[in-house]
Amino acid sequence: MQHWRRGAAVVAVAAAAVLSSGCGTVATIGKLEDGAGAEAMKMWDRWVEGGGDIAVATTWERKVKPGLTVAEVEEILRNVMVEHNMRDVGTLPLSKELEARSGKKEPVLTIYQFCSPNIARRMADFSPHMAAYMPCRVALVERPDGLWLYTLNMDMMVKMGRKLPSPLKEEAWSVRQAVWDMMERASKGEF
């Protein structure tokens, strides 16, 4: 029954989009990556599951294996970054900043920023709006049940938008894979 409702909702939204914006919508759909609609539906499902929280729909998360330390997670993130020829372009130790201000211990909240400058330049040349998604960020967040990693769902960049020309498409995919590897390996403790 849920699939039927979802299918009906997709048809209704698509019909409304076509009727409201006519040929522009149809022309845009023809410019999208193959499978963009399926990827959009995955995000829609996550948005619904998240109670309308758009951040849930647009991010990946991984619970860090119990027993791993912050230092170990950081080491793995940096090792994977180097393996994928990316650069560390900044760390924001927000919980440490809050501790310095208040003098009280804070749960971990650190944002790590990684980038491939050459790929970033080409992506921004393709779509200047993409610069708002740069650099790639991985957040380490301490919650009551342990450490968690969060990052932007990179599939939006490579699977949902306008078709990327080669070699930019392959380069964007390599960045997506680097971030995926960081999340997977750091959460599992795979050095």
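Kindly provide the set of residues from the range 51-77 that are open to solvent by 60 Å² or more (accessible area, probe 1.4 Å) and farther than 21 Å from GLY146 by Cβ, ordered by number.
The answer is GLY51, ILE54.
For the range 175-189, give me each residue that is open to solvent by less than 80 Å² (accessible area, probe 1.4 Å) and either over 17 Å from the mean Cα position of the chain (by Cα) or among the aromatic types (Phe, Trp, Tyr) (or both).
Those that are open to solvent by less than 80 Å² (accessible area, probe 1.4 Å) and either over 17 Å from the mean Cα position of the chain (by Cα) or among the aromatic types (Phe, Trp, Tyr) (or both): TRP180, GLY189.
Does ALA172 count as out of contact with any Cys (no Cβ under 8 Å at 6 or more places or on another chain) and open to solvent by less than 70 Å² (accessible area, probe 1.4 Å)?
Numbers: out of contact with any Cys (no Cβ under 8 Å at 6 or more places or on another chain): yes; open to solvent by less than 70 Å² (accessible area, probe 1.4 Å): yes.
Considered against the rule, which asks whether it is out of contact with any Cys (no Cβ under 8 Å at 6 or more places or on another chain) and open to solvent by less than 70 Å² (accessible area, probe 1.4 Å), ALA172 comes out as yes.
Within the range 128-153, track down each residue that is open to solvent by less than 30 Å² (accessible area, probe 1.4 Å) and more than 17 Å from THR58 (Cβ to Cβ). Give the derivation first.
Restricting attention to the range 128-153, the residues satisfying the condition of being open to solvent by less than 30 Å² (accessible area, probe 1.4 Å) are 135-136, 138-140, 146-147, 149, 151, 153.
Across the range 128-153, the qualifying residues are LEU140, GLY146, LEU147.
Name the helices (runs of 4 or more DSSP H) wholly within the range 14-132 that hold at least 2 residues that are under 20 Å from ALA178 (Cα atoms)?
Because the criterion is at least 2 residues that are under 20 Å from ALA178 (Cα atoms), the helices (runs of 4 or more DSSP H) in the range 14-132 that meet it are 70-83, 117-126.
Consider the range 91-115. How many of its residues are open to solvent by less than 20 Å² (accessible area, probe 1.4 Å) and within 24 Å of GLU190 (Cβ to Cβ)?
3
Quick one: how many residues across the range 43-66 are of a type in the set (Gly, Ala, Ser) and touching a residue at least 12 places away in the same chain (Cβ under 8 Å)?
Counting residues in the range 43-66 that are of a type in the set (Gly, Ala, Ser) and touching a residue at least 12 places away in the same chain (Cβ under 8 Å) gives 1.
Taking only the range 134-189 into account, find how many residues are of a type in the set (Ser, Thr, Tyr) and touching a Leu at 6+ places or on another chain (Cβ under 7 Å).
Counting residues in the range 134-189 that are of a type in the set (Ser, Thr, Tyr) and touching a Leu at 6+ places or on another chain (Cβ under 7 Å) gives 1.
Consider the range 22-47. How many of its residues are farther than 19 Å from TYR150 by Cα, of a type in the set (A, V, I, L, M, F, W, C) and either under 15 Å from the mean Cα position of the chain (by Cα) or open to solvent by 60 Å² or more (accessible area, probe 1.4 Å) (or both)?
Number of matching residues: 5.
The values are calculated or read from the model by the stated rules, or taken from the named source; none is laboratory data. This structure is a prediction, so every number in the text was calculated from the model and none was measured. Every residue, glycine as well, gets a Cβ built from its backbone with ideal geometry; the counts of neighbours run over all protein chains shown. SASA here: full protein model, heavy atoms, side chains in, ligands and nucleic acids out. Shrake-Rupley method; radii C 1.70, N 1.55, O 1.52, S 1.80 Å.
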